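I have placed the structure first, in the form of structure tokens, so that the comments after it can refer back to it.
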Amino acid sequence: MNINWKWDMFFEAFPYILQGIWVTVGLTFACFLFALLFGFVWVFLRRIKFKPVNWLVTWVMEFIRSTPPLIQLFFIYYAWPMIPGIGVSLTSFESAILGLGIHFSTYIGEVYRSGIEGVDKGQWEASTALNFSTRQKWTKIILPQAIPPTIPMLGNYLIIMFKEVPLASTIGVVGILALAQTYGTDNFRMLESYTIVALIFLLLSYPSAILINKLEKKLNRRFDKKAAIQENKGAVV
Amino acid sequence: MVDSVKEKNSSGSYSSNTGPIVEYKNVHKSFGDVEVLKGLDLDIYPGEKVALIGPSGSGKTTIIRMLMTLEQPTSGEIIVDGKNLCHMEKNGKLVPANEKHLREVRGEIGMVFQHFNLFPHMTILQNCMTAPIQVQKEDKESAKRRSIEMLEKVGLGDKLDNYPSQLSGGQKQRVAMARALVMRPKIMLFDEVTSALDPELVGEVLEVIRDIAEEGEMAMVLVTHEMDFALEVADRVIFLDDGVIAEEGTPSEVLEESDNERLQQFLYRFRS
């Protein structure tokens, strides 16, 4: 049995499907930016010591992480507008940013938290002793130390999000997957179409992963980990 | 013993004969079930150099950490320059101080830590000049100039653009002192500043403290295990034992003449 593969159709489909790349990549970065910003919201909400708030925030985060992003997308796009009073009708692109952005912000919030917890207690004490305001402590002392070590982890989430973005085709975002579906059904060329989608993802994800790996090494050199650990060692009073 | 302190005041070896700059009034502090301070009463006068000695767990570090507002007293009051440190008045009642009140009082106090706590993401110069610019709103040029002067004074004028990770322990501690001094505090706290150093680096740090002490204007409270150094630099030595002041007086009174048994046991370890 011969495989039904037509190179001419492949080369015809490729530029057509590739048109969707800007939507796919654009949506990825939009979601990522949203998640990066909203991740901080989780960090600060979780730091509220008032028990009921703390409990509520933890529970909401757990809820968001334990439900599939696909269902969250459907809810935001199809179900939310149906709720009287608070229902808002968003475009499919906006829904995708909100849905995937919030979903991944819970993970990114945890990344930030691990970075912040990695900053030694002595750094807080020294900034208190120098009488920095709470805001200055965060912006000048704690976050500049907490965030750079998490950049490789954030980069990995960028790639993971890139691979989740095709979910948005289910609510009508026309990225490369949606175009491949259209081309495939219109021309009965499923094999070529979906191969092209897979290929495009591979061509983008793999070099990105290598790039992030390099960035990690570069960061490690600049922000000499050993020295930082030595600097922060102790502080157990 | 208390008389000797007053004597020193009237003889003018301290900067002024005004009241104390720090007053601890019946301060208690517990961590969980453990009471580390059992009703501390202590006055520190402007310009006075006080050494706190005592076995570990005797509460000496807690005393200065409370003054730096890193710990809250369980009960009692601390008055700094006439202002209540941990409490403020609200509608005629004393309530726990909020951050704004703490920042007002805390401005007069500086601290050097056992583990330096330099900011690893900043150069030595940035470590020193950031707080004057951000906290005291000092002009950038003048903060930079004063920071450089201070770093030269502690012998690190050639390391301005280095990062803390590139320095030795002794150098780091000297930067930490410059960083605190640039803020021009009225009271400086030293929390076992030589304990984390290799023995051969202790000298250079003590040298700097000695220089600062000789200038005289600042009150200094040193938690230390360097008995010879305490004898040399301090106006008053306080021996803490089990959460109370067990002995106090001039260095020679405490370190050489006292017959307090617990103190003798403690000092025995330091005598060769």
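Could you grab the pairs with beta carbons closer than 8 Å, sequence gap of 6+ or different chains, first residue in the stretch A:49-60 and on the phi > 0 side of the Ramachandran plot, second one loosely packed, with under 10 Cβ neighbours inside 10 Å and not in a helix (DSSP H, G or I)?
Pairs found: none.
Where residues in the stretch A:36-79 are under 20 Å from residue A:160 (Cα atoms) and among the charged types (D, E, K, R), which of them is surrounded by the most Cβ atoms within 10 Å (Cβ to Cβ)?
A:65
Being in a loop (DSSP other than H, G, I, E, B) and closer than 20 Å to residue A:115 by Cβ: is that true of residue A:48 here?
Details: in a loop (DSSP other than H, G, I, E, B): yes; closer than 20 Å to residue A:115 by Cβ: yes.
Yes: the conditions hold for residue A:48.
Go through the stretch B:38-57 and give me each residue that's touching a helix residue (DSSP H, G or I) at 6+ places or on another chain (Cβ under 9 Å) and either farther than 16 Å from residue B:25 by Cα or within 14 Å of another protein chain (Cβ to nearest Cβ) (or both).
B:48, B:49, B:51, B:52, B:53, B:54, B:55
Failed condition for residue B:184, given (1) assigned to a loop (DSSP other than H, G, I, E, B); (2) away from chain A (no Cβ under 14 Å); (3) under 30 Å from residue A:145 (Cβ atoms), with all others met?
Here residue B:184 meets the rest and fails (2).
Would you check which residues across the stretch B:81-135 are crowded, with 18+ Cβ neighbours inside 10 Å, modelled with pLDDT under 95 and assigned to a strand (DSSP E or B) and list them?
B:88 - this is the single residue of the stretch B:81-135 that is crowded, with 18+ Cβ neighbours inside 10 Å, modelled with pLDDT under 95 and assigned to a strand (DSSP E or B).
Among the residues of the stretch A:117-134, write down those that are more than 14 Å from every other protein chain (Cβ to nearest Cβ) and touching a Leu at 6+ places or on another chain (Cβ under 9 Å).
As a first pass, look at the stretch A:117-134 and keep what is more than 14 Å from every other protein chain (Cβ to nearest Cβ): A:117.
Of everything in the stretch A:117-134, nothing turns out to be more than 14 Å from every other protein chain (Cβ to nearest Cβ) and touching a Leu at 6+ places or on another chain (Cβ under 9 Å).
Six or more apart or on different chains, Cβ atoms under 9 Å: show the pairs whose first residue is in the stretch B:45-73 and free of Cβ contacts under 8 Å to residues at least 12 places away in the same chain and whose second is among the hydroxyl-bearing types (Ser, Thr, Tyr) and in a strand (DSSP E or B).
none
Yes/no matrix, rows are residues, columns are (1) in contact (Cβ under 8 Å) with a residue 40 or more places away in the chain; (2) not β-branched (Val, Ile, Thr):
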site: A:104; (1), (2): yes, yes
site: A:130; (1), (2): no, yes
site: A:133; (1), (2): no, yes
site: A:153; (1), (2): yes, yes
site: A:159; (1), (2): yes, no
site: A:164; (1), (2): yes, yes
site: A:196; (1), (2): yes, no
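For the stretch A:189-215, give me the residue count where each residue is at pLDDT below 90 and either on the phi > 0 side of the Ramachandran plot or among the β-branched types (Val, Ile, Thr) (or both).
Here the count works out to 0.
Name the one entry in B:85, B:125 that is more than 8 Å from every other protein chain (Cβ to nearest Cβ), hydrophobic (A, V, I, L, M, F, W, C) and within 29 Å of residue B:32 (Cα to Cα). Steps first, please.
Numbers: B:125 fails: within 29 Å of residue B:32 (Cα to Cα).
Within the list B:85, B:125, the selection yields B:85.
Mind counting the residues in the stretch A:80-105 that are assigned to a helix (DSSP H, G or I) and surrounded by fewer than 12 Cβ atoms within 10 Å (Cβ to Cβ)?
So in the stretch A:80-105, the residues assigned to a helix (DSSP H, G or I) come out as A:80-82, A:92-105.
Adding the requirement that they be surrounded by fewer than 12 Cβ atoms within 10 Å (Cβ to Cβ) leaves A:82.
Number of matching residues: 1.
The values are calculated or read from the model by the stated rules, or taken from the named source; none is laboratory data. Not measured: the values here are computed from a predicted model. Positions of Cβ are backbone-derived with ideal geometry, glycine not excepted, and every protein chain shown enters the neighbour counts.
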